[in-house]
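First the structure, in the form of structure tokens, and then the observations on it.
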Amino acid sequence: MSVEEGTANHGRLLGAVRGPQDVKRMTAEQLDILAAEIRDFLIAKVSRTGGHVGPNLGVVELTLAMHRVFDSPRDRLLFDTGHQAYVHKILTGRQDGFDKLRQRGGLSGYPSQAESEHDLIENSHASTALSYADGLAKAYALRGEPRSVVAVVGDGALTGGMCWEALNNIATAGNPLVIVVNDNGRSYSPTIGGLADHLSSLRLNPGYEKVLDTVKDALGSTPLVGKPMYEVLHAVKKGIKDAVAPQAMFEDLGIKYVGPVDGHDIAAVESSLRAAKNFGGPVIVHAVTRKGYGYRPAEEDEADCLHGPGAFDAETGKLLAVPSVKWTNVFADELVAIADERPDVVGITAAMAEPTGIATLARKYPHRVYDVGIAEQHAATSAAGLAMGGLHPVVAVYATFLNRAFDQVLLDVAMHKLPVTFVLDRAGITGPDGPSHYGIWDMSVFGVVPGLRIAAPRDAGSLREELREAIAVDDGPTILRFPTGTVAADLPAVRRVGTVDVLAESARTDVLLVAVGSFAGLGMEVAARVAEQGYGVTVVDPRWVRPVPAELVELAAGHRLVVTVEDGVRVGGVGDALAQAMRDADVRVPLRDLGVPADWHPHGTRAQILADLRLTAQDVARDVTGWISRLDAQPVEDVQRDEAGAKN
Ligand SMILES: Cc1ncc(C[n+]2csc(CCOP(=O)(O)OP(=O)(O)O)c2C)c(N)n1
């Protein structure tokens with residue numbers, strides 16, 4: 001079907017778009033129809049798979065305009081964070097993949113080089129695009145390649161320090177480069193801080209009145225949205241009317257500023273982008289958009305404009321999943337209970353108050369929670385300052401994002417022996433968000449920090465207990481890490497040895513199975529299966545995995561084989577650390593460490609990926625049985641030599 005035929009067949013223009021060149025040929029009228037079709041498509045598809053629906057509804061016109069003005073892939077279109085690249089995927093020949101978005105073997109939820117030559121940055125951590133853009137622009141200048149570099153960055157991502165380091169360099173280098181600031185006023189929740197205030201003030205120049213009028217007209221003709229949202233926008237504008245901010249901040253930095261432009265007006269965005277493209281130096285195009293635009297449930301979702309829901313009802317926007325008690329909820333409630341008792345306990349979030357549960361504390365004690373923006377490094381060192389000032393900060397972040405702040409945790413917090421508790425949600429294999437969202441590095445990376453203690457709770461009861469223990473530590477940092485999803489059923493200990501919980505034991509002491517955190521349940525199942533083969537397994541949950549508890553080494557010495565299983569990378573993981581502690585204590589019992597290989601694991605469900613990695617009870621039981629039966633057949637020394645061979 002041609003683009004012309006598509007216009008005649010209402011609702012089918014989108015089907016005719018196989019690549020950016022099809023969009024370039026369209027009339028203004030066709031583009032409006034196409035934008036509406038893209039919205040319908042996004043809602044229909046993402047409601048089934050879950051995904052970043054709100055951010056993408058907000059960039060439909062922006063993305064169309066970008067593909068009309070620039071020639072991807074020769075020109076490079078970079079999406080900061082990458083969660084708002086669905087429209088770009090739709091326009092670059094990937095519509096068919098949306099039925100399996102974020103599912104195993106299907107489209108990634110972020111740009112992916114394997115999927116398309118139109119994609120470049122795969123990293124889903126925020127605030128990197130301007131640095132990539134700076135480097136690309138320098139490379140093209142040096143190589144004499146006439147290519148445009150365009151980076152889309154949200155006002156939320158702009159709160160990250162890397163963006164400001166990049167702007168500083170982009171201004172100095174002076175290379176042609178277009179920065180599209182997608183300003184919807186929100187990260188998950190409204191973006192906070194001086195920069196957000198500044199962007200608001202820019203909306204107050206005369207051009208913004210025009211933006212408002214256009215938005216008003218557009219909203220009036222959008223049945224799902226209607227008048228109320230216009231009124232909200234208008235009220236926001238009135239509220240900030242008297243704010244005073246230097247209008248020329250970006251230009252002071254040495255970067256041309258164009259805007260604000262109505263990001264839902266394709267022609268207006270196009271003309272700004274053309275001006276920016278022809279300028280010949282770095283330019284910021286400030287586009288004002290609405291997160292969730294055109295879909296009432298998203299626009300009216302106060303929490304996060306349906307930022308990244310699971311599968312939902314397309315009519316109502318309501319989640320389809322049955323609510324369950326998540327690890328996050330248990331943490332959030334216990335933190336409030338502790339804060340009730342200890343006025344020195346405060347919370348920090350890096351723009352993720354709701355997803356990390358710290359919002360529960362903020363609702364009760366608004367003045368004891370700090371949202372620092374997407375700024376994990378600052379969060380860590382600011383927490384150090386709070387601790388120096390006599391408070392006990394609890395920094396709640398996703399495990400993958402604390403990687404950013406390694407040096408801050410190491411030197412700013414730990415070297416100063418400061419009591420800061422880092423709570424790492426979504427630790428381990430997470431699933432649909434793919435490799436850059438897996439929280440699999442924390443135990444290895446932070447395991448090297450002197451004086452840092454790491455706890456991995458196995459269920460709700462141990463999460464509560466270990467959170468209390470962590471916050472009771474007053475001479476150094478602590479980390480508490482737990483996975484995503486529904487919290488595991490409580491698993492009582494048979495007894496406690498030092499800080500180690502013994503979960504199961506038998507008359508025979510063949511295998512010591514060290515099950516880290518949420519793998520405790522798996523450990524119990526493995527023990528039952530291995531027992532069927534006539535071997536005795538002691539299952540322990542170390543609770544605190546760093547430093548390695550001395551009792552764990554003593555327990556190891558009383559068994560014939562030690563097996564560790566953890567939801568983190570094997571290199572430098574709990575198994576590695578225990579092996580080292582055993583060597584140091586001259587305990588010569590063979591050890592096998594099971595965990596996640598240090599590699600890039602594709603997206604899928606958590607269960608699928610764990611199965612791929614053979615981290616299921618069935619697989620682990622088979623392995624353990626194989627290893628222990630080989631010990632029966634071979635002297636210990638031979639097995640140790642085999643183990644060394646297997647690892648190399
Ligand atoms: C380093 C880092 N911390 C936290 C996040 C989680 N996160 C994903 S999107 C987002 C908000 C982004 O806001 P913005 O850049 O304005 O884009 P929008 O979704 O509003 O279009 C956050 C905090 C992340 N991706 N990277």
**Message:** I'd like the FRET efficiency for Arg342 and Val322, computed as 1/(1 + (r/R0)^6) with the beta carbon distance as r and R0 of 45 Å, rounded to 0.05.
**Reply:** 0.85
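Can you classify region 493-629 as rounded, prolate or oblate using the Cα gyration tensor, where a ≥ b ≥ c are the square roots of its eigenvalues, rounded means a/c under 1.5, and otherwise it's prolate if a/b beats b/c and oblate if not? List each step's numbers first, then the result.
On the way: a/c = 1.60, a/b = 1.23, b/c = 1.31.
Oblate, since a/c reaches 1.5 and b/c is not below a/b.
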**Asked** How high is the relative contact order of region 82-160, given as a whole-number percent (alpha carbon pairs under 8 Å, six or more residues apart)?
**Response** 23
**Message:** Suppose we take every Cα in region 460-538 and form the convex hull; what volume per residue is that in Å³?
**Reply:** 105
**Message:** Restricting to Cα pairs below 8 Å that are 6+ residues apart, what does the relative contact order work out to for region 334-460? Please round to a whole percent.
**Reply:** 21
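So for region 342-391, Kirkwood radius off the Cα pairs, Stokes-Einstein at 10 °C and 1.306 mPa s: how many µm² s⁻¹?
This corresponds to a translational diffusion coefficient of 145 µm²/s.
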**Hydrodynamic radius by Kirkwood, which averages 1/r over all alpha carbon pairs of region 525-592, in angstrom** = 12.7
**C-alpha long axis of helix 520-532 to longest principal axis of the chain, angle in °** = 40
**Asked** What number comes out for the charge environment of Gln103, summing +1 per Lys or Arg and -1 per Asp or Glu over other residues with Cβ under 15 Å away?
**Response** +3
**Request:** In whole Å, largest first, what are the principal axis extents of the Cα atoms in the chain?
**Result:** 79, 58, 52
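Sort Phe331, Phe98 by Cβ crowding within 10 Å, fewest neighbours at the top.
Details: Phe331 26, Phe98 21.
Ascending Cβ contact count within 10 Å gives the list Phe98, Phe331.
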**Asked** Per residue, what volume in Å³ does the convex hull of the Cα atoms of region 420-513 enclose?
**Response** 140
**Request:** Only Lys, Arg, Asp and Glu count, each charged at its Cβ (+1, +1, -1, -1), so figure out the dipole size of the chain about its Cα centre, rounded to 20 debye.
**Result:** 640
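Pairs of alpha-carbon atoms within less than 8 angstrom and 6+ residues apart define the contacts here; what relative contact order does the chain have, in percent?
Details: 1335 pairs, mean separation 67.7, N = 648.
With pairs under 8 Å counted, the relative contact order is 10 percent.
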**Complete:** Everything considered on the Cα gyration tensor (a ≥ b ≥ c; rounded for a/c under 1.5, else prolate if a/b is larger than b/c, else oblate), region 37-113 must be described as prolate
**Asked** Normalized C-alpha radius of gyration of region 119-177, against 2.2 N^0.38 Å?
**Response** 1.10
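Set the Förster radius R0 to 51 Å, insert the Cβ-Cβ distance between Ala528 and His367 as r into 1/(1 + (r/R0)^6), and round the FRET efficiency to 0.05.
Working: r = 50 Å, r/R0 = 0.99.
After rounding, the FRET efficiency stands at 0.50.
Could you work out the helix-only [θ] at 222 nm for the chain, with each DSSP H run of four or more residues adding -39,500 (n - 2.57) and the total divided by the number of residues, to the nearest 500 deg cm²/dmol? Let's see the in-between values first.
Values: 27 runs with 270 residues, N = 648.
It lands at -12000 deg cm²/dmol.
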**Asked** How much of the calculated P(r) for region 402-460 lies past 15 Å, in percent of all Cα pairs?
**Response** 53
**Request:** Multiply the residue separation of Asp612 and Glu251 by 0.36 nm, subtract the distance between their alpha-carbon atoms, and state the gained length in nm to one decimal.
**Result:** 124.8 nm
**Prompt:** Can you sort Thr289, Thr499, Thr478 so the residue with the fewest Cβ neighbours within 10 Å comes first?
**Reply:** Thr499, Thr478, Thr289
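At a 10 Å Cβ-Cβ cut-off, how would you order Met249, Met415, fewest neighbours first? List each step's numbers first, then the result.
On the way: Met249 17, Met415 14.
Going from sparsest to densest Cβ surroundings: Met415, Met249.
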**Message:** Charges on Cβ only, +1 for Lys and Arg, -1 for Asp and Glu, centred on the Cα centroid of region 51-108; of Gln103, Val60, Val87, which one is farthest towards the dipole's positive end?
**Reply:** Gln103
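I need the per residue convex hull volume for region 429-586, using only the alpha carbons, in cubic angstrom as a whole number.
On the way: hull volume 19.2 nm³, N = 158.
That works out to 122 Å³ per residue.
Divide, for region 1-144, the radius of gyration over alpha carbons by 2.2 N^0.38 Å, where N is the residue count. Don't jump to the answer; show the numbers that get you there.
Details: Rg = 15.3 Å, N = 144, 2.2 N^0.38 = 14.5 Å.
Rg over 2.2 N^0.38 Å, computed on Cα atoms: 1.05.
Label region 365-469 by shape, choosing from rounded, prolate and oblate, from the square roots a ≥ b ≥ c of the eigenvalues of the Cα gyration tensor; if a/c is under 1.5 it is rounded, and otherwise prolate applies when a/b is larger than b/c, oblate when it is not. Walk me through the intermediate numbers first.
Details: a/c = 1.39, a/b = 1.29, b/c = 1.07.
Here region 365-469 falls in the rounded category.
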**Request:** Relative to the longest principal axis of the C-alpha atoms of the chain, give the angle of the C-alpha long axis of helix 266-279, reported between 0 and 90° and rounded to the nearest 10°.
**Result:** 90
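With N set to the number of residues, divide the alpha-carbon radius of gyration of region 312-370 by 2.2 N^0.38 Å and report two decimals. Don't jump to the answer; show the numbers that get you there.
Values: Rg = 13.9 Å, N = 59, 2.2 N^0.38 = 10.4 Å.
Cα-based Rg divided by the globular estimate yields 1.34.
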**Asked** Using mean Cβ contacts within 10 Å as the protection proxy, how do 377-386, 500-509, 31-40 order, highest first?
**Response** 377-386, 31-40, 500-509
**Message:** What do you get for the angle between helix 460-472 and the principal long axis of the chain? Use alpha-carbon atoms, 0 to 90 degrees, nearest ten.
**Reply:** 90
**Item:** Cα-centred dipole magnitude for region 268-411, charges only on beta-carbon of K, R (+1) and D, E (-1), debye, nearest 20
**Value:** 420
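Can you give the % of DSSP beta bridges in the chain that are antiparallel, to the nearest 5?
20
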**Message:** Using +1 at the C-beta of Lys and Arg and -1 at the C-beta of Asp and Glu, which of Gln377, Gly317, Ala339 has the Cα lying farthest in the positive direction of the dipole of region 316-405?
**Reply:** Gly317
**Item:** Charged-residue dipole, Cβ positions (Lys, Arg, Asp, Glu), region 476-538 about Cα centre, Debye nearest 20
**Value:** 160
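Here, each number is a calculation from the coordinates, and none is a lab measurement. Please read all numbers here as calculations on a predicted model, not as lab measurements. Glycine gets a Cβ as well: all are built from the backbone with ideal geometry, and neighbour counts include every protein chain shown.
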